[in-house]
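Engineer: Pasting in a structure now, in structure tokens, and then I'll have a few things to ask.
The values are calculated or read from the model by the stated rules, or taken from the named source; none is laboratory data. Predicted model, so just to flag it, every value in this text is computed and none were measured. Ideal geometry is used to build each Cβ from the backbone, glycine not excepted, and the neighbour counts take in all protein chains shown.
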Amino acid sequence: MDWATTLEFLAPAIVASLIIAGIHAYLGLHVVERGVIFVDLSLAQIAALGAAIGVWLGHEHHDPEIYWLSLGFTLIGAFIFAMVKGQAAKIPQEAIIGIAYAVASAAVILTMSKAAGESEHLRDMLVGNILAVQWPEIRTTALIYAAIGAFHWIFRQRFLDISLDPNRVAAKGISIRFWDFLFYASFGFVVTRSVAIGGVLLVFCYLIVPSVGGMLFSERIGPRLAIGWVMGVVVSMLGMYFSVAFDLPTGASIVCTFGLVLVVMATFRPLIARRA
């Protein structure tokens with residue numbers, strides 16, 4: 001297979017990864033600032049539980065019923081996470097998120113143990129199969145993410161204020177729980193779609209790693225977001241290249257490339273800071 005044919009074959013996966021990187025780099029800023037690092041992993045696993053139940057009921061992996069079941073479970077998780085967040089809460093939100101992840105993971109294993117081809121389905125949910133994505137699915141995903149992006153743009157200051165200083169926002173009489181639910185619900189729409197394309201681990205890396213990479217070099221939101229977007233694009237391209245060049249699973253290749261690039265960035269940060 002020559003490079004022109006390879007590029008044509010990879011084109012849908014490349015576009016999908018860039019779309020996912022764009023929205024997740026932004027959402028990752030909020031997740032890191034809120035200190036709920038594993039909320040994406042937890043919501044992704046809850047979405048996977050919905051998909052697992054759909055498979056157990058006899059639906060195929062890409063049937064519309066699978067998506068709606070995943071979305072329904074994710075919105076329930078979003079509601080729970082929003083309700084346990086509050087100034088008077090005695091239980092840390094991260095504890096609830098961790099418990100939800102553990103229970104959802106175990107429930108996925110139990111559910112898939114009763115489904116045919118359970119090992120293949122579990123692998124797809126974990127690392128996904130981004131190479132199987134088709135152009136119609138990409139167009140639908142782009143429209144959903146554009147709508148979510150517009151929603152966050154309109155209310156960007158409110159979401160940013162809550163992420164950076166929730167105590168000050170609550171002091172104004174603004175309902176943190178209401179806005180948290182809107183945040184997690186919109187987040188849930190993104191996660192549900194992304195997990196169906198890339199799997200749980202890839203989605204988690206797209207959310208957290210670019211944001212952490214941005215934090216290494218800037219304390220301001222704008223530069224961090226720009227660094228995160230560039231990192232997401234570069235790593236997506238490198239991961240795809242390594243996957244093709246060494247005949248490796250694409251999702252796992254991108255995840256490992258994220259880790260490698262983050263290590264390189266962390267290594268060179270002191271040198272750049274010293275020169276500055």
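Results for (1) at pLDDT 90 or above; (2) farther than 30 Å from Gly54 by Cβ; (3) assigned to a helix (DSSP H, G or I), shown as yes or no for each residue.
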{"position": "Gly77", "(1), (2), (3)": "yes, no, yes"}
{"position": "Ala88", "(1), (2), (3)": "no, yes, no"}
{"position": "Val103", "(1), (2), (3)": "yes, no, yes"}
{"position": "Ile109", "(1), (2), (3)": "no, no, yes"}
{"position": "Leu122", "(1), (2), (3)": "no, no, yes"}
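Engineer: Of all residues being modelled with pLDDT under 90 and among the polar types (S, T, N, Q) in region 164-193, which is nearest to Arg34 (Cα to Cα)? Just the residue, please.
Structural biologist: Of everything passing the filter in region 164-193, Asn167 is nearest to Arg34 (Cα to Cα).
Engineer: One residue is enough: does region 198-206 have a residue meeting the conditions farther than 23 Å from Phe79 by Cβ, surrounded by 15 or more Cβ atoms within 10 Å (Cβ to Cβ) and either free of Cβ contacts under 8 Å to residues at least 60 places away in the same chain or over 16 Å from the mean Cα position of the chain (by Cα) (or both)?
Structural biologist: yes
Engineer: Continuing with the same structure: Given the criteria of a type in the set (S, T, N, Q) and under 15 Å from Ile20 (Cα atoms), does Ser243 qualify? If you could, list the steps in order and put the result at the bottom.
Structural biologist: Numbers: of a type in the set (S, T, N, Q): yes; under 15 Å from Ile20 (Cα atoms): no.
Answer is no for this residue.
Engineer: Out of Val255, Val191, Val263, I need the residue that is assigned to a helix (DSSP H, G or I) and either surrounded by fewer than 18 Cβ atoms within 10 Å (Cβ to Cβ) or touching a Phe, Trp or Tyr at 6+ places or on another chain (Cβ under 6 Å) (or both). Which one?
Structural biologist: Working: Val255 fails: either surrounded by fewer than 18 Cβ atoms within 10 Å (Cβ to Cβ) or touching a Phe, Trp or Tyr at 6+ places or on another chain (Cβ under 6 Å) (or both); Val191 fails: either surrounded by fewer than 18 Cβ atoms within 10 Å (Cβ to Cβ) or touching a Phe, Trp or Tyr at 6+ places or on another chain (Cβ under 6 Å) (or both).
One residue alone meets the criteria, Val263.
Engineer: Checking the structure you have, find out if any residue of region 90-101 is at pLDDT 85 or above, of a type outside the set (A, V, I, L, M, F, W, C) and closer than 24 Å to Ser186 by Cβ.
Structural biologist: Checked region 90-101: at least one residue is at pLDDT 85 or above, of a type outside the set (A, V, I, L, M, F, W, C) and closer than 24 Å to Ser186 by Cβ.
Engineer: Could you tell me whether Leu216 is within 11 Å of the chain's Cα centre (by Cα), under 20 Å from Cys256 (Cβ atoms) and surrounded by fewer than 24 Cβ atoms within 10 Å (Cβ to Cβ)?
Structural biologist: No, not satisfied.
Engineer: Looking at this structure, is Ala107 farther than 26 Å from Pro210 by Cα, in contact with a helix residue (DSSP H, G or I) (Cβ under 7 Å, 6 or more places away or on another chain) and surrounded by fewer than 23 Cβ atoms within 10 Å (Cβ to Cβ)? Quick ask: steps written out before the conclusion?
Structural biologist: On the way: farther than 26 Å from Pro210 by Cα: yes; in contact with a helix residue (DSSP H, G or I) (Cβ under 7 Å, 6 or more places away or on another chain): yes; surrounded by fewer than 23 Cβ atoms within 10 Å (Cβ to Cβ): yes.
Yes; evaluated as a whole, the condition is true for this residue.
Engineer: Here is a further query. Counting just the residues of region 168-188 that are aliphatic (A, V, I, L, M) and assigned to a helix (DSSP H, G or I), which one comes out nearest to Phe155 (Cα to Cα)? Spell out how you get there, then give the answer.
Structural biologist: Within region 168-188, the first condition is being aliphatic (A, V, I, L, M), and the residues that meet it are 169-171, 174, 176, 182, 185.
In the following step, the residues that additionally are assigned to a helix (DSSP H, G or I) were identified as 169-171, 176, 182, 185.
Details: Val169: 14, Ala170: 16, Ala171: 19, Ile176: 14, Leu182: 10, Ala185: 14 Å.
In this case the residue turns out to be Leu182.
Engineer: Considering only region 25-68, how many residues are farther than 16 Å from Ala82 by Cβ and assigned to a helix (DSSP H, G or I)?
Structural biologist: Matching residues across region 25-68 total 24.
Engineer: Residue under question is Leu49, and the condition is that it be crowded, with 22+ Cβ neighbours inside 10 Å and farther than 15 Å from Thr141 by Cβ; does it hold? First the steps, then the outcome.
Structural biologist: Values: crowded, with 22+ Cβ neighbours inside 10 Å: yes; farther than 15 Å from Thr141 by Cβ: yes.
Answer is yes for this residue.
Engineer: For region 20-34: of the residues being more than 10 Å from the chain's Cα centre (by Cα) and within 10 Å of Gly149 (Cα to Cα), which is surrounded by the fewest Cβ atoms within 10 Å (Cβ to Cβ)?
Structural biologist: Gly22
Engineer: Filter region 207-232 for residues that are free of Cβ contacts under 8 Å to residues at least 12 places away in the same chain and part of a helix (DSSP H, G or I); which is farthest from Gln157 (Cα to Cα)?
Structural biologist: Val230
Engineer: Considering region 240-274 alone, what residues qualify as being closer than 19 Å to Val212 by Cα and either acidic (Asp, Glu) or in contact (Cβ under 8 Å) with a residue 60 or more places away in the chain (or both)? Talk me through it step by step, then tell me what you get.
Structural biologist: Our first condition is that a residue be closer than 19 Å to Val212 by Cα; within region 240-274, this holds for 254-273.
Answer for region 240-274, where residues must be closer than 19 Å to Val212 by Cα and either acidic (Asp, Glu) or in contact (Cβ under 8 Å) with a residue 60 or more places away in the chain (or both): Ile254, Val255.
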